[in-house]
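FYI, it's all coordinate maths here, none of it is from the lab. Note that the structure is a prediction, hence the values are computed from the model and not measured. Here Cβ is always computed from backbone atoms with ideal geometry, including for glycine, and neighbour counts include all displayed protein chains.
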Amino acid sequence: MCGRYTITLEPADFELELGVGDFPSDFEKRYNVAPTQQVTVVRDPESRKVEWMKWGLIPFWAKDPAIGARMINARSETLSEKPSFRQSFEKRRCLILADGFFEWQKNEGKASTPYYLKLKNGKPFAFAGLWDRWKPSEEIDVMSCTIITCPANELVATIHDRMPVMLDKHSLWQWLQPAPMGELEKQLKPYPAELMQAYPISKMINNSQYDAPDVIRPA
């Protein structure tokens, strides 16, 4: 799964590398993005505007928004089967901007070790995501999203068995284009392990309220 990530580069870095549009005026760098928080998302391939959405998908048919906390990730293998994700997979795909993410390596009899993972070249990327709009009333729109995960590549597999689907400048805009489900599923694959790096970090990451640069320093 993917339960925490970072967006530590400047908006200009994302605009230059990925070709996204303007960021929200209240954007700030984040070193410990956690579920249910507001995250930066692109859903329109024409304007490429970056907007805020809540992390944790609330389907349009949901009775209770609390369901979103359990839907921060969506497994790539079952998107076309799950009622919670099928319509969004067909019609409401998005890009969730990032430049790194965290996974925890289980240690028998001891606390899990957190790792930070990113691209070796330090450049930004996007997670393949889905979005939905939940309307508890006529006056209120709640926009939310989920990160799609896939089986881990050779690097991530030493830490965790799954990883987020990562899209770079060569692949991200294709994810937003209309296509049959079979073609979309082909895009949901592990990122090349040789282009990534991973290193252990301190357990400060376990506190979702702590959001500072030292979170991603090597342990």
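Result for the chain in a Gaussian network model with C-alpha springs under 10 Å: among R43, R70, R93, the largest mean-square fluctuation is at R70. Only residues of segment 101-121 count here: report those whose backbone N is under 11 Å from the spot 7 Å along Cα→Cβ of K29, or say none. Hits in segment 101-121 for K29 at 11 Å: none.
For segment 5-204, what is the relative contact order in percent, using Cα pairs closer than 8 Å and at least 6 residues apart in sequence? Don't skip to the end; give the middle numbers.
Numbers: 426 pairs, mean separation 44.5, N = 200.
With pairs under 8 Å counted, the relative contact order is 22 percent.
With the simple spin-label model, which puts each label point 7 Å out from Cα in the Cβ direction, the S47 to D214 separation comes to 4.1 nm.
Which entries of K54/K118; K29/K91; K135/K186; K54/K110 have Cα-Cα distances beyond 27 Å here? Where the Cα-Cα span goes over 27 Å, the pairs concerned are K29/K91; K135/K186; K54/K110.
Couplings for segment 31-45, taken from phi via the Karplus curve 6.51 cos²θ - 1.76 cosθ + 1.60 with θ = phi - 60°, read 10, 7, 6, 10, x, 6, 7, 7, 10, 8, 9, 10, 10, 10, x Hz in order; Gly and Pro are left as x.
In loop segments of segment 113-163 as defined by DSSP, the trypsin sites (Lys or Arg not before Pro) with at most 16 further C-beta atoms inside 10 Å of their C-beta are K120.
With charges only on Cβ, +1 for K and R and -1 for D and E, what is the dipole size of segment 1-119 about its Cα centre, in debye, rounded to 20? Provide the component values of the computation, followed by the final result.
Values: 18 positive and 17 negative charges, 127 e Å.
That gives a dipole near 600 debye.
A straight Cα-to-Cα reach below 16 Å connects K106 with the lysines K203, residues fewer than 8 places away in its own chain not being considered. For the pair segment 138-196 and segment 24-52, the centres of their Cα atoms are 16 angstrom apart. Taking the DSSP bridge list for segment 5-204 and keeping only pairs wholly inside it, about 90 percent are antiparallel. The modelled label-to-label distance for the pair D22/D161, using points 7 Å beyond Cα in the direction of Cβ, is 4.6 nm. With bins 5 Å wide beginning at 0, the percent of Cα pairs of segment 5-204 falling in each bin runs 1, 8, 16, 20, 21, 17, 11, 5, 2, 0, 0.
Rounded to the nearest 0.05, what FRET efficiency is calculated for A193 and E138 with R0 set to 45 Å and r the Cβ-Cβ distance?
Details: r = 48 Å, r/R0 = 1.07.
Approximately 0.40, to the nearest 0.05.
Placing pseudo-labels 7 Å out from each Cα toward the beta carbon at W61 and N206 gives an inter-label distance of 4.0 nm.
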